[in-house]
Amino acid sequence: MQQRVVITGASSGIGEATLRRFAAAGWATVAVARRADRLALLAEETGAHSIVCDVTDEAQVAAMAAEVAETGGASVLINNAGGALGTDSVESSTNDDWRRMFEVNVLGLRSVTAELLPVLRDACSGEGTATIVNLTSTAGLSAYPGGGGYNASKFAAHAVTGVLRLELAGEPIRVIEVAPGLVHTEEFTLKRLRGDAEAAAKPYAEVTPLTAEDVAGVIVGAVEQPPHVNQDLIVLRPVAQSSVFHTYRGPLVVKSGT
Ligand SMILES: NC(=O)c1ccc[n+]([C@@H]2O[C@H](COP(=O)([O-])OP(=O)(O)OC[C@H]3O[C@@H](n4cnc5c(N)ncnc54)[C@H](OP(=O)(O)O)[C@@H]3O)[C@@H](O)[C@H]2O)c1
């Protein structure tokens, strides 16, 4: 039987690349996001079933899960929808920005997971298994100045992922966390910096960052491991980024004796 994967935030960046990779590997795919026009194009190109859904709206999430169930179910959920707003200090940032980050990065992840768990359990009948992959970030593992609400929401998503793995113990459902460092996607930093293209280009200057396709490869690889193998936490960064505070800029060269 062809396996089916639901990917939130599939209209751009990592989510879109992950959907394309699953589709190329022969999976049936369900693309979830708010922008109907982008989802329609993606569906046309990949054969994905698309569902327009704001993951912060509980009624829309419930309807999305019902549609997934009615159209063939799913054995894999990729909770990827998310984002950052601002790089302001704790002192100068706004609760409104923090609220929006928590709504999508934490509460959206929880609602989608809760609504789709019965669907994933249905896929486990007989010898079946299921997988949940949560996209957090290295920002969910290390705090940095200006990280504020994004750090707080991704630390929360990291915690929720751990709680979920403990709560699902004994069921054939894997919970995998993928925490990327610097990934150059078209929209992530642009949205974070509220459309300032010049500032948004800076983090990627003189460095080879990860691409959405790099992260997609890691996600699909983890899901395609034998079902008894659970890669709890996968941290991936560009070679030039050795921590959230250390990004080497310029060509990478061998050191002559240290
Ligand atoms: N880029 C990085 O450096 C990086 C590093 C580590 C982790 N991450 C994480 O990886 C994930 C994907 O990031 P990305 O770089 O691919 O960013 P992106 O291109 O901005 O993609 C974000 C996706 O989330 C969707 N989305 C946002 N709010 C939503 C909502 N309320 N309901 C449904 N969908 C929503 C967006 O679609 P619509 O606008 O169409 O809804 C879009 O498809 C995020 O969780 C991000 O925090 C990114």
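The values are calculated or read from the model by the stated rules, or taken from the named source; none is laboratory data. Note that the structure is predicted; figures quoted are calculated from it, not measured. A quick note on method: Cβ atoms are made from the backbone with ideal geometry, for glycine too, and the neighbour counts reach across all protein chains shown. When the accessible area is computed, the model is the full protein with side chains, heavy atoms only, and any ligands, DNA or RNA have been set aside. Shrake-Rupley method; radii C 1.70, N 1.55, O 1.52, S 1.80 Å.
Do we find a residue being open to solvent by 60 Å² or more (accessible area, probe 1.4 Å) and either of a type in the set (K, R) or touching a Pro at 6+ places or on another chain (Cβ under 6 Å) (or both) anywhere in region 119-127?
So in region 119-127, the residues open to solvent by 60 Å² or more (accessible area, probe 1.4 Å) come out as 121-122, 125-127.
Imposing the further condition that a residue be either of a type in the set (K, R) or touching a Pro at 6+ places or on another chain (Cβ under 6 Å) (or both) reduces the set to 121.
Yes, region 119-127 contains at least one residue that is open to solvent by 60 Å² or more (accessible area, probe 1.4 Å) and either of a type in the set (K, R) or touching a Pro at 6+ places or on another chain (Cβ under 6 Å) (or both).
Condition first: assigned to a helix (DSSP H, G or I) and crowded, with 17+ Cβ neighbours inside 10 Å. Now tell me which residues in region 9-37 satisfy that.
Within region 9-37, G13, I14, G15, E16, A17, T18, L19, R20, R21, F22, A23 qualify.
From A157, A169, which residue is over 12 Å from S75 (Cα atoms) and buried (at least 19 other Cβ atoms within 10 Å of the Cβ)?
Details: A169 fails: buried (at least 19 other Cβ atoms within 10 Å of the Cβ).
Sole residue among the options that is over 12 Å from S75 (Cα atoms) and buried (at least 19 other Cβ atoms within 10 Å of the Cβ): A157.
So, in region 225-258, exactly how many residues are farther than 30 Å from F22 by Cα, free of Cβ contacts under 8 Å to residues at least 24 places away in the same chain and assigned to a loop (DSSP other than H, G, I, E, B)?
Looking only at that region, the number is 8.
So for region 195-205 (the condition being over 21 Å from the mean Cα position of the chain (by Cα), surrounded by 14 or more Cβ atoms within 10 Å (Cβ to Cβ) and more than 13 Å from the ligand (Cβ to nearest atom)), does at least one residue qualify? Show your work before the answer.
Going through region 195-205, the residues over 21 Å from the mean Cα position of the chain (by Cα) turn out to be 195-199, 201-202, 205.
Still in the list and also surrounded by 14 or more Cβ atoms within 10 Å (Cβ to Cβ): 199.
Retained after the next criterion (residues that are more than 13 Å from the ligand (Cβ to nearest atom)): 199.
Among the residues of region 195-205, at least one is over 21 Å from the mean Cα position of the chain (by Cα), surrounded by 14 or more Cβ atoms within 10 Å (Cβ to Cβ) and more than 13 Å from the ligand (Cβ to nearest atom), which makes the answer yes.
Looking at region 127-155 only, could you name the residues that are within 30 Å of T94 (Cβ to Cβ), hydrophobic (A, V, I, L, M, F, W, C) and within 12 Å of the ligand (Cβ to nearest atom)?
Selection gives L135, A139, L141.
In region 119-141, what residues are touching a residue at least 40 places away in the same chain (Cβ under 8 Å) and part of a helix (DSSP H, G or I)?
Of everything in region 119-141, those that are touching a residue at least 40 places away in the same chain (Cβ under 8 Å) and part of a helix (DSSP H, G or I) turn out to be V119, L120, R121, D122, T138, A139.
Condition first: in contact with a Gly (Cβ under 6 Å, 6 or more places away or on another chain) and of a type in the set (D, E). Can you find one or more residues in region 191-213 that meet it?
Just the residues of region 191-213 that are in contact with a Gly (Cβ under 6 Å, 6 or more places away or on another chain), to begin with: 191, 206, 212.
Retained after the next criterion (residues that are of a type in the set (D, E)): 206.
Yes, some residue in region 191-213 is in contact with a Gly (Cβ under 6 Å, 6 or more places away or on another chain) and of a type in the set (D, E).
Quick one: would you say E115 is among the acidic types (D, E), within 16 Å of the ligand (Cβ to nearest atom), assigned to a helix (DSSP H, G or I) and surrounded by fewer than 22 Cβ atoms within 10 Å (Cβ to Cβ)?
yes
It is to be established whether one or more residues within region 213-232 are hydrophobic (A, V, I, L, M, F, W, C), more than 28 Å from G128 (Cα to Cα) and buried (at least 17 other Cβ atoms within 10 Å of the Cβ).
No - not one qualifying residue is present in region 213-232.
What are the residue pairs meeting all of these: first residue in region 50-67, first residue at negative phi and among the hydroxyl-bearing types (S, T, Y), second residue modelled with pLDDT of 95 or more and assigned to a strand (DSSP E or B), Cβ atoms under 7 Å, and 6 or more apart or on different chains?
S50/A31
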